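These notes are about the structure you will find just below.
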Amino acid sequence: VIGADGDDDSGTDSGAAYVFTGVSNQPPIADAGAPQTVNPGDTVTLDGSGSSDPNGDTLTYLWQQTGGTAVTLSNPTAITTTFTAPSTTGVLTFTLTVTDSLGLASTPDTVTITVKDYLIYLPMIRKP
């Protein structure tokens, strides 16, 4: 910033200079997707593509399991990640946190995955 104070001297003047960028950085919004009900052994996809940033900044993703039978996520730092549903029934919970390119993180968003009982119907066999 170059300015003149109007006193025509060649000395040093002091003062404050302010730069206004227009819009302050807003936190991004995580969207972990809708709840799902799956069968044991199914491949489950967690999808964070509904996440956004009000300032249009680039986002990074972090998926974490917070409840239920432990599973291994294929890529916990990707916009989508997959895992194989465990053989036990129950509810699994996951959080997604997104961070913008300036380092500001979202409030985590949670999604639940219900692993239901998997029933196999066998044909009835009658004795002749």
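Since every read-out is calculated from the coordinates, none of them should be taken as a lab result. A quick note: this is a predicted structure, and the numbers were derived from the prediction, not measured.
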Per-selection metrics, the range 32-75 (Cα): Rg and Dmax in Å: 13.1, 40
With a ≥ b ≥ c from the Cα gyration tensor eigenvalues, square-rooted, and the rule rounded for a/c under 1.5, otherwise prolate when a/b > b/c and oblate otherwise, the range 36-115 is prolate
